[in-house]
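Colleague: I have a structure I would like to understand better, so I am pasting it below and will then ask my questions one at a time.
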Amino acid sequence: MTAESLARAVARDRRPGPASGPDASRFVNAWVEPESLDGARVRAFVVILRTRGCYWADQKGCSMCGYARDTLGRSATPAELAEQLRRALGRYRDEPYVKVYTSGSFLDDREVGPASREALVRAFSGRARRLLFETLPEFAQEATIAPLRAAFSGELEVALGLESADPVVLARFVHKNAPPSEYFAAAERLRRLGARTKAYLLLKPPYLTEAEAIDDVVRSIDEAAPRFDALSVNPVHIQGGTVVEVLFRRGRYRPPWLWSVVEVLRAGARHRGAARLVSFPTAGGLARGPHNCGVCDRAVLAAIEEASLDQRFEALDGLDCACRSVWRAACRLEAAGVEA
Ligand code: SF4
């Protein structure tokens, strides 16, 4: 089976059908997490809305993304989205930073219509200082951004899943729908429209060795830094219903080491320019997430979070554990075809 047919087969199987979909009046999840805003530590309110999800996930989808499983299999109605918002506001405690995700693109009308978008942004206006949402680059246009800028008194931050600045990595290994140049163009448009820009960078797409993956992110930081206000390194964790999960089950994929995250931040700090560089690994320390040996994972994760919040990367220099030499050997030997 080729990688492409594997990707399309996985995409066909993972999304719930419209009849079997979950309750459309309830958001997927909401929580509060530590963040940094204007140099101060703050609490950020995060909510994931339940929508039809990413259109690209229907056609092929990205090799590491299983968010389609959290979607409806049809568009949510404006009334259903309003009810999700009402429930989300019930959990909101005036955190100054709000992040709204949709398992796709907040700016895609099929997921959240223009009136629902404005209602949501307006609901947080005057309460949050910064509101973040994510979108694919083609939806980041003046027609979608301008009404939201008018409806929100604080800063809008738009996140783009750039993943890699290398067109080959992005197309062949991540399976994104657009080349890096479209992400860069969208970031420029967004800045012109007065929005902050954030890029997600993926650490260790399938088919790259550990060392290649580190190089890819550091080079991507270098290229993306002038165009984005923030760069977030997301080490792959194994989500259900993905190409990465199929490879993981076959023993052909190991999630990245936390040492690789440390290395990317240390090296990336020299290339980030004025952009914030952060990493908050999902499922860190777990077998399906980025992990080390199990002994040092908690301490390394805490150091990564501290460095990300304070932008002080020197603190990462002093980390060590017996497994660090295993990671170094893995980086060296994998290129020669030796499994770690
Ligand atoms: S990573 Fe983003 S673009 Fe790719 S399938 Fe998931 S939601 Fe869609």
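The values are calculated or read from the model by the stated rules, or taken from the named source; none is laboratory data. None of these values were measured; they are calculated from a predicted model. Here the Cβ positions follow ideal geometry from the backbone for every residue, glycine too, while neighbour counts run over all protein chains shown. For the accessible areas, the whole protein counts, side chains as well, though only heavy atoms, and no ligand, DNA or RNA atoms are used. Shrake-Rupley method; radii C 1.70, N 1.55, O 1.52, S 1.80 Å.
Colleague: Ranking request for peptides 28-36, 315-323, 184-192: highest mean number of other beta-carbon atoms within 10 Å first, then the rest in descending order.
Modeller: 184-192, 28-36, 315-323
Colleague: Follow-up question, since we're still on this one. Which of the cysteines found in the chain have nothing to pair with, since no other Cys Cβ lies under 4.7 Å from theirs?
Modeller: Taking the Cβ cut-off of 4.7 Å, the unpaired cysteines of the chain are C54, C331.
Colleague: With a cut-off of 12 Å, note down the residues of region 73-89 whose backbone N falls inside the zone around a label point 7 Å from the Cα of D23 toward its beta carbon.
Modeller: 84, 87
Colleague: Considering only protein heavy atoms and a probe of 1.4 Å, how much of the accessible area of the chain is carbon and sulfur, as a whole percent?
Modeller: 51
Colleague: Would you grab the residues whose amide H sits under 5 Å from the one on L231? Only those 5+ places off in sequence or on another chain, please, with H modelled 1.01 Å from N.
Modeller: A199, R276, L277, V278
Colleague: Now, a different point. Using a Förster distance of 41 angstrom, determine the FRET efficiency expected from the C-beta separation of R191 and R86, and round it to 0.05.
Modeller: FRET efficiency, R191 to R86: 0.80.
Colleague: Residues of region 312-337 with backbone nitrogen within less than 19 Å of a virtual label 7 Å along the Cα-to-Cβ line of R129, please, listed as ranges.
Modeller: 312
Colleague: For region 220-290, what is the accessible area per residue in Å², given a 1.4 Å probe and the full set of protein chains?
Modeller: Per-residue accessible area for region 220-290 comes out at 36 Å².
Colleague: Select from I238, I145, I214 the residue whose mean-square fluctuation is largest in a Gaussian network model of the chain (Cα-Cα springs shorter than 10 Å).
Modeller: Highest fluctuation among the options: I145.
Colleague: What net charge do the residues around V112 carry, taking every other residue with its C-beta under 13 Å from that of V112, with Lys and Arg at +1 and Asp and Glu at -1?
Modeller: Here the charged neighbours net out to -2.
Colleague: With springs connecting C-alpha atoms under 10 Å apart, model the chain as a Gaussian network and identify which of V262, V112, V295 has the largest mean-square fluctuation.
Modeller: So, out of V262, V112, V295, the one fluctuating most is V295.
Colleague: Sticking with this structure for a sec: Return the long-range amide H neighbours of G161 (sequence gap of 5 or more, or a different chain), with a cut-off of under 5 Å between placed amide H atoms.
Modeller: T135, Y200
Colleague: Can you spot the lysines whose alpha carbon is less than 16 Å from K204's alpha carbon? Ignore those fewer than 8 places along the same chain.
Modeller: Once the sequence-local lysines are set aside, what remains near K204 is K176.
Colleague: Tell me, what is the per residue accessible area of region 33-186 in Å², probe radius 1.4 Å?
Modeller: 37
Colleague: If you don't mind, another one. Once phi is turned into θ = phi - 60°, what whole-Hz ³J(HN,Hα) does the Karplus curve with 6.51, -1.76 and 1.60 give for every residue of region 205-218, x standing for Gly and Pro?
Modeller: Running phi through 6.51 cos²θ - 1.76 cosθ + 1.60 with θ = phi - 60° gives x, x, 6, 9, 6, 4, 5, 4, 5, 4, 4, 4, 6, 5 Hz.
Colleague: Can you compute the helix-only [θ] at 222 nm over the chain? Use -39500 (n - 2.57) per DSSP H run of at least 4 residues, normalise by all residues, nearest 500 deg cm²/dmol.
Modeller: Computed ellipticity for the chain at 222 nm equals -11000 deg cm²/dmol.
Colleague: Based on the mean of other Cβ atoms within 10 Å per residue, sort peptides 101-109, 220-228, 250-258 so the most packed one is first.
Modeller: Result, highest mean Cβ count within 10 Å first: 101-109, 220-228, 250-258.
Colleague: Also: Across 5 Å bins from the origin, how do the percents of Cα pairs in region 270-321 run, short distances first?
Modeller: Reading upward from the zero bin: 4, 20, 27, 23, 15, 8, 2.
Colleague: Above 30 angstrom, tally the Cα pairs of the chain and express them as a % of all pairs, no decimals.
Modeller: Percentage above 30 Å: 34.
Colleague: With each pseudo-label sitting 7 Å past Cα toward Cβ, what's the A329-E118 distance in nm, one decimal?
Modeller: Roughly 6.3 nm, to one decimal.
Colleague: Another question about this same structure. Which three lengths, in whole Å and largest first, does region 14-160 cover when its Cα atoms are put on their principal axes?
Modeller: For region 14-160, the Cα spread along each principal axis is 42, 31, 30 Å.
Colleague: Could you list the trypsin sites (Lys or Arg not before Pro) in region 61-105 that lie in coil according to DSSP, counting only those with at most 11 other Cβ atoms within 10 Å of their Cβ?
Modeller: R93
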